[in-house]
């Protein structure tokens, strides 16, 4: 975890008055310069660890910074959800429930169609009756 603090928020850096040394105090505000300095000192990378707690033991796992195999795949969240959805295996109960829902939907559509047909036939009959009267 990296964090940066804008030291100008808290005022300037005050040199300690206890032990005066002859070396100058250098304040680095450049992010790249800080990284170069840390890498030169060997302090750049602090290994990130995860503590894994199981029933029988506690382990500290080091999170690798590079893929050792070079075969990792980075995919979008949408693609991951699509793959996850496609990999689900439905039980017989879920399949039956899905079939029943589809049957009910089809029956509802057919019922709506037949109602519309009846209405159209009634309108046609009234139109034909009005046509004969005129």
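The values are calculated or read from the model by the stated rules, or taken from the named source; none is laboratory data. Bear in mind that the values here come from a model prediction, so they are computed numbers and not experimental data. Positions of Cβ are generated from backbone atoms using ideal geometry, with glycine treated the same way; all protein chains shown enter the neighbour counts.
General remarks:
- In region 16-134, counting only helices (runs of 4 or more DSSP H) that sit wholly within it, the ones holding 1 or more residues that are modelled with pLDDT of 90 or more span 77-86, 92-133.
- Selection from region 49-66 of residues that are surrounded by 10 or more Cβ atoms within 10 Å (Cβ to Cβ) and without any contact (Cβ under 8 Å) to a residue 12 or more places away in the chain: 52, 59
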